[in-house]
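Read-outs: derived from the displayed coordinates by stated rules, not from any lab. Values in this document were obtained by computation on a predicted structure and should not be read as measured data. With ideal geometry, Cβ positions are generated from the backbone for all residues, glycine too; neighbour counts draw on all protein chains shown.
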Amino acid sequence: MDRWDVVVIGAGIAGVSAARTLAEQGGRQVLLLNGEDTVPYKRTKATKYIAEGFHARDFQLETEEWYGDHGVTLRNGVTASKLNVSARTVSVGDGEEIAFDKLILATGAEPLYPKTVRAHEADSFFVVRTARDVHRLTAAAKTAKRVLIDGMGVLAVEVAAELRRMGLQVTLAGATPQLMPRQLSIRSAEILEELFTSNGVKLRFQEEILSFERRKKGGFSVAIIRDSGAFDMVVFCIGVAPRTELAAEAGIDTNLGILVDGFLQTSAPGIYAAGDVAEHDGGHITHLWHAAEHQGRIAALNATGTETPFDNPPFRLKCEVFDSYFFSLNKPRRPLDFGIEEQEIKNRYQCFYYDEEDTIAGCVMVNDSNRATLYEQAVREKWRRDRVRDELSL
């Protein structure tokens with residue numbers, strides 16, 4: 001049986017970030033298990049290149065040679081099927097067992113389907129998470145005319161914009177009263193709504209899909225609360241669920257995600273979790289690319305004995321659709337608990353959220369991309385209101 005100093009399960013950004021950090025530390029045998037059959041890539045690019053054609057190798061996080069050159073053994077197309085905490089082993093593939101000293105779980109998340117979709121029907125619909133998902137979606141879109149996208153978050157927004165660029169008739173439907181409610185203020189969501197409407201995307205807010213009926217000519221008749229229609233394709237972008245099965249079956253504590261402490265260690269000593277699968281104190285799961293990257297590094301440092309607390313810094317989200325730029329950083333879950341200051345000039349907009357001490361806690365911005373790093377600096381450094389006005393006014 002092969003034995004490794006550190007095994008990393010999952011080769012999204014959290015897993016690759018952990019591998020990078022372990023390579024920097026040096027002196028350890030590191031194994032990175034990648035469930036996909038292509039070299040690890042920047043997954044967030046997938047929804048931005050649907051119209052042009054997405055190729056994972058164009059966005060690889062590191063070249064294939066990099067892993068071997070830096071003491072990391074990368075195994076593509078290999079998934080873990082069983083974890084034995086007491087024996088410190090992981091079973092993969094056809095039952096091969098791999099022993100480890102430390103383990104980092106970066107298993108990520110998987111797309112959700114609505115309750116109206118039965119498990120055996122899932123292959124008739126589309127989700128967007130991996131390169132394979134995007135290739136399947138793009139192939140179908142080339143012969144489709146009408147598409148329904150279920151969801152109002154950033155993924156749904158990016159997919160809708162790309163499919164519209166391909167010439168499809170796009171309807172976006174979801175339960176929320178605005179687009180991207182987690183990231184956008186009311187006014188910035190209105191700007192995005194106006195942009196979508198002017199580009200021919202139909203929006204159906206506060207809607208729920210009630211049923212699907214397969215049509216003889218192909219596609220589906222879809223009933224929603226206040227409307228119904230025929231669609232050649234239905235795409236679900238309604239959220240993700242952390243992949244906790246491997247940990248849960250091994251007896252590691254889980255809730256929505258894998259529960260971790262302030263050092264990203266799970267309930268099993270020497271086993272860490274990072275990225276979209278990790279659930280932090282208070283039930284918080286980050287769901288952001290750069291946050292997962294940061295957690296991968298923190299988990300790796302702790303796995304090598306460099307005690308490093310998880311500081312949970314704020315990270316930005318950006319969305320570029322129809323030649324417009326939307327930026328969100330640490331928007332409060334309860335905006336009305338903060339002082340809100342907005343400004344809008346021509347096609348640019350900004351919204352700042354101030355805490356009780358009059359320091360900036362979060363912000364939303366539209367079409368001021370040249371100063372994006374300055375917005376990020378302001379929130380990270382907790383600038384006071386007068387400095388924000390001096391340095392960031394439109």
Those trypsin sites (Lys or Arg not before Pro) from region 363-394 that are DSSP loop and have at most 16 other Cβ neighbours within 10 Å turn out to be 382
Between residue 249 and residue 65, the FRET efficiency computed from the C-beta separation at R0 = 22 Å comes out, to the nearest 0.05, as 0.05
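Given contacts defined as C-alpha pairs under 8 Å and at least six residues apart, what's the relative contact order of the chain, whole-number percent?
15 percent
Efficiency by 1/(1 + (r/R0)^6): what FRET value for residue 348 and residue 86, r their Cβ-Cβ distance, R0 = 56 Å, to the nearest 0.05? Write down the numbers at each step before the final one.
Numbers: r = 58 Å, r/R0 = 1.03.
Approximately 0.45, to the nearest 0.05.
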Around residue 394 (Cβ within 14 Å, Cβ-to-Cβ, excluding residue 394; K/R +1, D/E -1) the net charge comes to -1
Over all viewing directions the Cα convex hull of region 330-392 casts an average projected area in nm² of 4.0 nm²
The relative contact order of region 237-394, taking Cα pairs under 8 Å that sit 6 or more residues apart, comes to a percentage of 14 percent
Within the under-13-Å Cβ sphere about residue 358, not counting residue 358, Lys/Arg +1 and Asp/Glu -1 give a net charge of 0
So, with points 7 Å from each Cα along the Cβ direction, the residue 186-residue 390 label distance in nm works out to 3.3 nm
Here the longest stretch of the chain that holds no GluC sites (Glu not before Pro) in a DSSP loop having at most 13 other beta carbon atoms within 10 Å is 53-306
Which residues qualify? For residue 239, with a placed amide H closer than 5 Å and at least 5 residues away or on another chain, they are 112
Computed, not fitted: 222 nm per-residue ellipticity of the chain from DSSP H runs ≥ 4 (each -39500 (n - 2.57)), nearest 500, equal to -7000 deg cm²/dmol
Two pseudo-spin positions, 7 Å from Cα along C-beta at residue 146 and at residue 206, lie apart in nanometres by 2.5 nm
Cα-based Rg then Dmax for region 113-236, in Å, read 13.9, 43
In whole angstrom, largest first, the equivalent ellipsoid semi-axes that the Cα gyration tensor gives for the chain are 35, 29, 19
Residue-ordered couplings for region 130-143, obtained by feeding phi - 60° into the Karplus form 6.51 cos²θ - 1.76 cosθ + 1.60 and rounding to whole Hz (Gly and Pro as x), are 10, 4, 4, 4, 5, 4, 5, 5, 5, 4, 5, 5, 5, 10
Projected onto the charge dipole of the chain (unit charges on the beta-carbon of Lys, Arg, Asp and Glu, signs +1, +1, -1, -1), the Cα from 313, 222, 107 with the largest positive-side position is that of 222
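For region 323-394, with only Lys/Arg (+1) and Asp/Glu (-1) charged at the beta-carbon, what is the dipole magnitude about the Cα centre, in debye rounded to 20?
160 debye
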From the Cα centre of region 20-49 to that of region 203-282, the distance in Å is 23 Å
Going fewest to most other Cβ atoms within 10 Å around each Cβ, 17, 86 line up as 86, 17
Total charge of the residues flanking residue 328 in space, meaning their Cβ is under 9 Å from its Cβ, with Lys and Arg +1 and Asp and Glu -1, is +4
Treating only Lys and Arg (+1) and Asp and Glu (-1) as charged, each at its beta carbon, one finds that the chain has a dipole about its Cα centre, in Debye to the nearest 20, of 1360 debye
Here the FRET efficiency for residue 359 versus residue 51, based on Cβ atoms and R0 = 30 Å and rounded to 0.05, is 0.15
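Exposure proxy check: 196, 205, 338 ranked by fewest other beta carbons within 10 Å?
The most exposed by this proxy come first: 205, 338, 196.
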